[in-house]
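No lab work stands behind these numbers, since they all come straight from the coordinates. Computed from a prediction, not measured in an experiment: that's the story for all the values here. FYI the Cβ positions are ideal-geometry reconstructions off the backbone, even for glycines, and counts take in every protein chain you see.
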Amino acid sequence: MKYQLAIIGGGPAGYTAAEMAGKAGLSVVLFEKNNVGGVCLNEGCIPTKTLLYAAKVHDTALHASKYGVNVKEVSADLGKIIARKTKVVRKLVLGIKAKLTAQKVTLVQGEAYIQDAHTVRCGEELYECEQMIVCTGSATFIPPVAGLDSVNYWTHRDALDNKEIPSSLVIVGGGVIGMEFASFFHSLGVKVTVVEMMDEILGGMDKELSGLLRADYAKRGVKFLLNTKVTGVTQKEDGIEIEYTCGEEKNTVCAEKLLMSVGRRPVMSGFGLENLNLELTARGTVKVDEHLQSSVPGVYVCGDLNGVSLLAHTAVREAEVAVHHILGKTDAMSYRAIPGVVYTNPEIASVGCTEEALTREGRAYRVVSLPAAYSGRFVAENEGVNGVCKVLVGEDEEILGVHLLGNPASELIIQAGMMIEDRRKLSDWKKYVFPHPTVGEIFREL
């Protein structure tokens, strides 16, 4: 079986590359050991956002009286929420399969093993290819905590399929995944504690806005233990006891459930990657050029495996660039304006540089910041809720970074990302006519 392109991994990078290459007329084989869509569609981006939207609807109903609407009784049925999540995922997976079929992509369900740059084995079958894209994604990282292997802890996958609301939950890790689950379970009435090793949640996001989000959730009852390291866990009759240290202090916290959410690591073993003898970066990930090509000609590495940006939308763009290069088209990957979003309620989103990064680099900048209340639409739809629009501007007035706190930050951040990617200046926003009233109009007020 001979193909022009073999793709290892059917996540966002893999299925995007397969569809594009197939549409361009290449013969394509796509290997996926689980379901197409990868972690993002099956146990990440889409299912978590489905749950978070249910929680948002629940929150809206609980606080409807702020808007003059009386809702007599509000309750959440987690079983039905999970069932809807499963239905949404199934629908989207079928949609991706239909697209691949339409472009005559051969989908092979099974574990692929790379024998060399032009040969892939799956089961007893051998597949030959002219070029290859490897995008095996990432897996949950579980730290070596004493006693962890003897307790019934959750990973994000377990939390997504759980159908009973626990009374209390400790989340180890205050990153994106940890905070989104903290938001979801808190909305359903769970007593939530977040344990984070760093001095602030959401490392990599704007520290000021991350602190504001944390303060907001702390007021609602979520407990945060910052600068805190988990040293051991013990299974008890009524739950799990978590031992931790904070400076010189040692203490414990107990909860019915424990969610481990300390990050993800690229999947680099188990599929023959070592047979390609690829050059690695200092961090141990696969080194690629601006076209996502590795040190071996004809072998491209997209998504989490190259370790540049462990985000689904980055992987999609990387796949496009790789396929364009295979097709002989001019294109190059840019990481100048990769947006990051945390779908808590309220949302927080960032694109471009943070103050911390600019300070480390010694680059001059100034901060232009406005409360979200400068937008009439925001005030109309967010009773008693605050938000922030923060822009970092260079000496020449070029926009270097934009950070938003407040709904719908996830839908607005691309406007800022386009300005950063095109090296536009702060005053350029005033050249555009924004529809009124919209939250995005706040960019014209800066």
The size of the Cβ-based charge dipole (Lys, Arg +1; Asp, Glu -1) of the chain about the Cα centre, to the nearest 20 debye, is 1140 debye
About its Cα centre, the range 340-445 carries a charge dipole, from +1 on Lys and Arg Cβ atoms and -1 on Asp and Glu Cβ atoms, whose size in debye to the nearest 20 is 180 debye
Placing one equal point scatterer on each C-alpha of the chain and summing with Debye, one gets log10 I(q)/I(0) at q = 0.10 Å⁻¹ equal to -0.82
Length gained, K2-N227, 0.36 nm per residue minus C-alpha separation, equals 75.6 nm
Counting only DSSP loop positions in the range 356-446, the GluC sites (Glu not before Pro) whose Cβ has at most 10 other Cβ atoms within 10 Å are E395
For the pair E445 and R423, the simple spin-label estimate (label points 7 Å beyond Cα toward Cβ) gives in nm 3.1 nm
Of all GluC sites (Glu not before Pro) in the range 249-325, the ones in DSSP coil with at most 14 other Cβ atoms within 10 Å are E279, E290
If the chain between V368 and S295 were fully extended at 0.36 nm per residue, the gain over the current Cα-Cα distance would be 22.0 nm
The residues S167, S187, S27, S261, sorted from fewest to most surrounding Cβ atoms within 10 Å, come out as S167, S27, S187, S261
Zone reached by a paramagnetic label modelled 7 Å from V379 Cα along Cα→Cβ, restricted to the range 50-86 with backbone N below 19 Å, covers 66-68
Cα-only Rg/Rh for the range 148-262 with Kirkwood Rh rounds to 0.94
Residue span S167 to R84: 0.36 nm per residue of separation minus Cα-Cα distance leaves a gain in nm of 27.6 nm
Using alpha carbon centers only, the range 38-112 is separated from the range 402-428 by a whole-angstrom value of 26 Å
Here the percent of antiparallel bridges among DSSP beta bridges lying wholly in the chain, to the nearest 5, is 60 percent
Computed over the range 148-262, the relative contact order (Cα-Cα under 8 Å, seq sep at least six) in percent reads 35 percent
Dividing the mean separation of Cα pairs under 8 Å (6+ apart) by the residue count of the chain yields a relative contact order in percent of 15 percent
For the range 277-349 the trypsin sites (Lys or Arg not before Pro) that pass both the DSSP coil test and the at-most-14 other-Cβ-within-10 Å test are R283, K329, R336
Those helices of the chain passing the 30 Å axial Cα length cut-off and the mean Kyte-Doolittle cut-off of 0.0 (DSSP H runs only) are 78-102
Across T48, T359, T193, the residue with the highest GNM fluctuation in the chain (Cα network, 10 Å cutoff) is T359
antiparallel share of DSSP beta bridges within the range 1-145, to nearest 5, in %, is 35 percent
Quick note, the range 24-165: a/c under 1.5 would make it rounded; otherwise a/b > b/c is prolate and the rest oblate (a ≥ b ≥ c, C-alpha gyration tensor); here it is oblate
Computed, not fitted: 222 nm per-residue ellipticity of the chain from DSSP H runs ≥ 4 (each -39500 (n - 2.57)), nearest 500, equal to -9500 deg cm²/dmol
